[in-house]
Amino acid sequence: MPDEIPADTRSAIESVSLDWPRARAHLATLGHVLEIEPPPRQFAGGLANLNYLIRLDGAPAVLRRPPLGELPAGSHDMAREHRILSRLPDALAFVPRSLFLCADAAVLGAPFQILEYRPGLVIREHVPPSLTTRPRLGERLSQVLLGTIAAIHAVDPAAIGLDDLGRPEGFLARAVAGWHRRGMAAKEDGTEALHVEIGAWLEAHLVADGPPGLLHNDFKLNNMILDPTDLSPVAVVDWDQGTRGDPLFDFATLLSYWVHADDPRPMHDMAQMPSVEAGLCSRADAVAAYARLTGRDVSDFLFHRVLAMYKLSVIFLQLGMRWRSGATEDPRYAPFSAIGTGILEFTHEIAQGRAF
C-alpha cells in the first residue's frame, strides 16, 4: 500500500472483503505481484461498483469490480469500461488508463479491471473544510465541470478507435422508451399517472439526435478527482456507462445533479453535488456556458432536461425498490423511494414550464 493511506478509503473492517489470495494467485500467473498484507482498502463513497486501493508490482493502482449480487443485464460493464479507458487517455490527459482486464468471473465473482491510481481531492456531498474559505470557489468549480464535460464531448471517437462504441442512431428514442419502462417497473403506488404523463410528454416532444459524441453518462463532481491546489481535473472516473450518443443528454445528466437553493427538498436530499454550498452558477448560466464552449445548439434543451431528470428519478426509485422489496437492509437505501418520487414530481413541473 502507499506509505500514506488516502483519507477517502474505508477501514479494513468497513471494506467489503474480496478473495485477495485468489486474486494474487491469478495475477501471479500473468507475471504480476499483488500485495495483500495488509489487505487492500476500499475507497469510500458510492453505492455501486467496488473500488480498492491496491499495490501491484510495487506501485499503487485501483482494482475495480461490479457490486455484489445479481446485476441488471448490461450494467456495470467492466469490459466496456476497460475498452474506453484503454483508448481515451490518448485524447484526454485527465482520464486514467485501464491497465488490465480480468474477464474470468471465477477469480473475484465478477470481471474486474485494474486502473492507474490518480491521487487528488474528491468532493462528495459537502465542500471539504480545506475549501470552505477559498475565494470564488463556485465560479472555479463551475468552470472545471463545464470545461471538462465540453472537452469530453470534443473528442473524436474515430481518432481513438471508439467509432463503433454504442448505437448513436435512435439514441434518444431508445432512452425515452427504456427509462419509461424502468420507471413503470419501479414506481411507488399512486404515482402511475405521473409516469404516464411524463412519458407521453417525452414522446410528444422527442427531438432528433444531435451529432453523436462520446458520453460519460454519469458525469458529476464526485466522479472527478481534482488537483487540490488549483482544482484542475486529475481524473474523471466511473466510465462503465460510457457510450456514444447525443452529448446534450450527457450534459443534461450533469445538470440533473446541479441543485438550486429553492429546489424541492428531494433534490437536496439526494446529496450528489454540493451545488448550493459551493456556490455553483445557475443552471441557466451553465447551459449558456456549455453552448459557448461547444458551439452546440441548445434551443431544444428542455427535452434533454426533462429526459435526464426522469432518468434520475427512476434511478432513485430503482435503488429504493431494493429496500422496499427487502433485497437490501442497508439503511442508506431507505429514503431513496421518496427522493425518487419527489424528483419525479419536480420533473413534471419542469415539463410543464413551471421550473427549470
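Observations on the model:
- Filtered residues of region 223-253 (kept if in a loop (DSSP other than H, G, I, E, B), among the hydrophobic types (A, V, I, L, M, F, W, C) and open to solvent by 10 Å² or more (accessible area, probe 1.4 Å)): 237
- Pick from region 312-324, criterion touching a residue at least 60 places away in the same chain (Cβ under 8 Å) and either outside any helix (DSSP H, G or I) or open to solvent by less than 10 Å² (accessible area, probe 1.4 Å) (or both), ranking: nearest to residue 181 (Cα to Cα): 314
- Considering the conditions (1) open to solvent by 20 Å² or more (accessible area, probe 1.4 Å); (2) within 21 Å of residue 350 (Cβ to Cβ), residue 256 is excluded by exactly one of them, (1).
- Of all residues in region 278-323, those satisfying the criterion of being among the hydroxyl-bearing types (Ser, Thr, Tyr) and either modelled with pLDDT under 95 or in contact with a helix residue (DSSP H, G or I) (Cβ under 9 Å, 6 or more places away or on another chain) (or both) are 290, 294, 310, 313.
- Qualifying residues in region 12-65 (those that are among the polar types (S, T, N, Q) and in a strand (DSSP E or B)) - the one least open to solvent (accessible area, probe 1.4 Å): 42
- Exactly one residue among 68, 165, 145 is of a type in the set (A, V, I, L, M), over 21 Å from residue 34 (Cα atoms), part of a loop (DSSP other than H, G, I, E, B) and open to solvent by less than 60 Å² (accessible area, probe 1.4 Å), and that residue is 165.
This table checks each residue for (1) in contact with a Gly (Cβ under 6 Å, 6 or more places away or on another chain); (2) over 16 Å from residue 250 (Cα atoms); (3) among the small types (Gly, Ala, Ser).
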| residue | (1), (2), (3) |
| --- | --- |
| 120 | no, yes, yes |
| 130 | no, yes, yes |
| 133 | no, yes, no |
| 136 | no, yes, no |
| 145 | no, no, no |
| 153 | yes, no, no |
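- Members of region 338-355 found to be of a type outside the set (Asp, Glu) and over 22 Å from the mean Cα position of the chain (by Cα), listed by number: 348, 350, 351, 352, 353, 354, 355
- Region 195-206 - residue that is assigned to a helix (DSSP H, G or I) and open to solvent by 40 Å² or more (accessible area, probe 1.4 Å) and, of those, farthest from residue 327 (Cα to Cα): 204
- Residues satisfying the stated conditions in region 82-131, i.e. part of a helix (DSSP H, G or I), in contact (Cβ under 8 Å) with a residue 60 or more places away in the chain, open to solvent by 70 Å² or more (accessible area, probe 1.4 Å) and of a type outside the set (Asp, Glu): 87, 130
- Any hit, region 195-209, residues being touching a Lys or Arg at 6+ places or on another chain (Cβ under 8 Å) and more than 26 Å from residue 275 (Cβ to Cβ): yes
- Pair list, Cβ < 6 Å and 6+ apart or interchain, from region 181-193 residues that are basic (Lys, Arg) to residues that are open to solvent by less than 60 Å² (accessible area, probe 1.4 Å): 182/314; 187/195
- Subset of region 325-337 that is outside any helix (DSSP H, G or I) and among the polar types (S, T, N, Q) - its residue that is nearest to the chain's Cα centre (by Cα): 328
- The set of residues in region 72-81 being open to solvent by 60 Å² or more (accessible area, probe 1.4 Å), within 17 Å of residue 50 (Cα to Cα) and of a type in the set (A, V, I, L, M, F, W, C) is empty.
- Single residue of 263, 189, 209 found to be open to solvent by less than 50 Å² (accessible area, probe 1.4 Å), in a loop (DSSP other than H, G, I, E, B) and of a type in the set (D, E, K, R): 263
- Enumeration of residues in region 132-142 that are within 17 Å of residue 260 (Cβ to Cβ) and assigned to a loop (DSSP other than H, G, I, E, B): none
- Exactly one residue out of 278, 284, 327 is out of contact with any Asp or Glu (no Cβ under 8 Å at 6 or more places or on another chain) and open to solvent by less than 40 Å² (accessible area, probe 1.4 Å): that is 278.
- Among all positions in region 292-305, there is no residue which is surrounded by 19 or more Cβ atoms within 10 Å (Cβ to Cβ) and among the aliphatic types (A, V, I, L, M).
The values are calculated or read from the model by the stated rules, or taken from the named source; none is laboratory data. What you see is a predicted model, and the numbers here were worked out from it, not measured in a lab. Here Cβ is always computed from backbone atoms with ideal geometry, including for glycine, and neighbour counts include all displayed protein chains. We work out accessible area using only protein heavy atoms, side chains counted, and drop any ligands, DNA or RNA first. Shrake-Rupley method; radii C 1.70, N 1.55, O 1.52, S 1.80 Å.
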